[in-house]
1. In the stretch 138-178, how many are at pLDDT 90 or above and acidic (Asp, Glu)?
2. Tell me, please, whether a residue that is touching a residue at least 12 places away in the same chain (Cβ under 8 Å), more than 28 Å from residue 67 (Cα to Cα) and either loosely packed, with under 12 Cβ neighbours inside 10 Å or not assigned by TED's automatic domain parsing to the domain that holds residue 69 (or both) can be found in the stretch 138-145.
3. So residue 181 passes all but one of these: (1) in contact (Cβ under 8 Å) with a residue 24 or more places away in the chain; (2) more than 21 Å from the chain's Cα centre (by Cα). Which condition number does it fail?
4. Residues of the stretch 58-113 being among the β-branched types (Val, Ile, Thr), in contact with a Leu (Cβ under 7 Å, 6 or more places away or on another chain) and assigned to a loop (DSSP other than H, G, I, E, B), which ones?
Amino acid sequence: MSTSRVGLSQWLLHGSRVVLFDLRRHWVMSVLIAAIWVLALVRLFAHHVPVLPLLFNWTPSLPYKVALVDFRSSSIDRGDLVVYAFEGPAGEKAYPGLRHQALFKRVAGVAGDVVTVQGRDVFVNGVLVGRAKTHAFDHRLLDPIAPTVIPAGHLYVQGTSPDSFDSRYSLSGLVRVQDVRSRVIPLL
């Protein structure tokens, strides 16, 4: 065996001993970090919508950074905050990377409410709920939602940011009530 291979194997052996020693010494922090990574990987690859009682929001879509997920609530009303699995259109009209992702928005319209559009301004029951941008950050064309009466089993959802991807766009559209996973109670 060459000298460089012996040096490398001794270095790797010493490094692994140091790591194991640190893991044993800081086992609580190591377990916590491992649990966070496992939950993140499950969220990314297996189950996209939250299964934990806390929701962390780092987008400007809503001003809340930490929220409590209320799985017990069954009724959804205008003004409620909800987390839902984004379905949107399938196929070539789908927005890349968003399908099945959990989104956190405020309910601005329920079944029977009237959605109207004037230019790029979108209204629910005559109240301005947002202005549709012409293009997304990736230069994809964004069309506003078509005027409609919200049918039974659907919701109009809205973010507070002008950049929020919500029901004001035809690519997002109305959200099916069956895709709502829970109401959300903001904490911070």
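The values are calculated or read from the model by the stated rules, or taken from the named source; none is laboratory data. Here the structure is a predicted model, which means the values were calculated and not measured. Note that each Cβ is placed from the backbone with ideal geometry, even for glycine, and that neighbours are counted across all protein chains shown.
1. Selection size over the stretch 138-178: 2.
2. Quick first cut of the stretch 138-145, residues touching a residue at least 12 places away in the same chain (Cβ under 8 Å) only: 140, 142-145.
Next, only the ones that are more than 28 Å from residue 67 (Cα to Cα) stay: 140, 142-145.
Then keep just the ones that are either loosely packed, with under 12 Cβ neighbours inside 10 Å or not assigned by TED's automatic domain parsing to the domain that holds residue 69 (or both); that gives 140.
The answer is yes; a qualifying residue exists.
3. (2)
4. Start the filter on the stretch 58-113 by keeping residues that are among the β-branched types (Val, Ile, Thr), which leaves 59, 66, 69, 76, 82-83, 107, 110.
Remaining after also requiring in contact with a Leu (Cβ under 7 Å, 6 or more places away or on another chain): 66, 69, 76, 83, 107, 110.
Scanning the stretch 58-113 gives 76, 110.
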